[in-house]
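K.L.:
Below is one structure. I have some questions about it.
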Amino acid sequence: MLAEADAEAGSKVARKCKACHSLEKGGPNKVGPPLWDIVGRPVASVEGFAYSDALRNLGGEWTYERLEAFIRSPRDVAPGTKMSFAGIRKEQDRANLLAYLRTLSDDPKPLP
């Protein structure tokens, strides 16, 4: 699904994210951590952000697969997360958002 995803359409989906996250390089922590360079980043690793125990204990990194699951249902991936967002139900919207998040990097990670 990611191979056919539309990053431009994903930028529209990302408007929901902007309410709590900065998207620009060097952006500040807000209610949530910045999403610049999220793909491939270790989970709960942004300096100065107060992560929930649920995310700190999750470990690993934000792969495309893990991000897809998290934006579908944050509480299913990390029960106890402080993220109050319910998730994005439409598969195409999630794929488009991931394609957009991939562009938020100086060195975008290859698609799976």
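Here, each number is a calculation from the coordinates, and none is a lab measurement. Note that the coordinates shown come from a computational prediction; the quantities given were computed from them, not determined experimentally. Virtual Cβ from ideal backbone geometry, glycine too; neighbours counted across all protein chains shown.
K.L.:
Provide a single number: the residues in the range 55-93 that are within 16 Å of residue 13 (Cα to Cα) and touching a residue at least 60 places away in the same chain (Cβ under 8 Å).
P.N.:
Total meeting the criteria: 5.
K.L.:
If we keep just the residues of the range 41-96 that are assigned to a loop (DSSP other than H, G, I, E, B) and basic (Lys, Arg), which is surrounded by the most Cβ atoms within 10 Å (Cβ to Cβ)? Step through it out loud before you land on a result.
P.N.:
Just the residues of the range 41-96 that are assigned to a loop (DSSP other than H, G, I, E, B), to begin with: 41, 43-52, 57-60, 62-63, 73, 78-90.
With basic (Lys, Arg) added as a condition, the list becomes 41, 82, 89-90.
Details: 41: 17, 82: 14, 89: 9, 90: 11.
Restricting to residues being assigned to a loop (DSSP other than H, G, I, E, B) and basic (Lys, Arg), the top hit is 41.
K.L.:
Here's another thing I want to ask about it. Evaluate the following for residue 104: is it within 19 Å of residue 22 (Cβ to Cβ) and aliphatic (A, V, I, L, M)?
P.N.:
Working: within 19 Å of residue 22 (Cβ to Cβ): yes; aliphatic (A, V, I, L, M): yes.
Yes: the conditions hold for residue 104.
K.L.:
Any residue at all in the range 12-27 that is in contact with a Ser or Thr (Cβ under 8 Å, 6 or more places away or on another chain) and buried (at least 18 other Cβ atoms within 10 Å of the Cβ)? Give the steps one after another, and end with the answer.
P.N.:
Pass one, the range 12-27, residues in contact with a Ser or Thr (Cβ under 8 Å, 6 or more places away or on another chain): none.
Within the range 12-27 (the criterion being in contact with a Ser or Thr (Cβ under 8 Å, 6 or more places away or on another chain) and buried (at least 18 other Cβ atoms within 10 Å of the Cβ)), the answer is no, since none of the residues qualifies.
K.L.:
Does at least one position in the range 13-23 carry a residue that is without any contact (Cβ under 8 Å) to a residue 40 or more places away in the chain and in contact with a Phe, Trp or Tyr (Cβ under 7 Å, 6 or more places away or on another chain)?
P.N.:
Let us first name the residues in the range 13-23 that are without any contact (Cβ under 8 Å) to a residue 40 or more places away in the chain, namely 15, 18-19, 21-22.
The next check asks that each one be in contact with a Phe, Trp or Tyr (Cβ under 7 Å, 6 or more places away or on another chain); those that pass are none.
For the range 13-23, residues without any contact (Cβ under 8 Å) to a residue 40 or more places away in the chain and in contact with a Phe, Trp or Tyr (Cβ under 7 Å, 6 or more places away or on another chain): absent.
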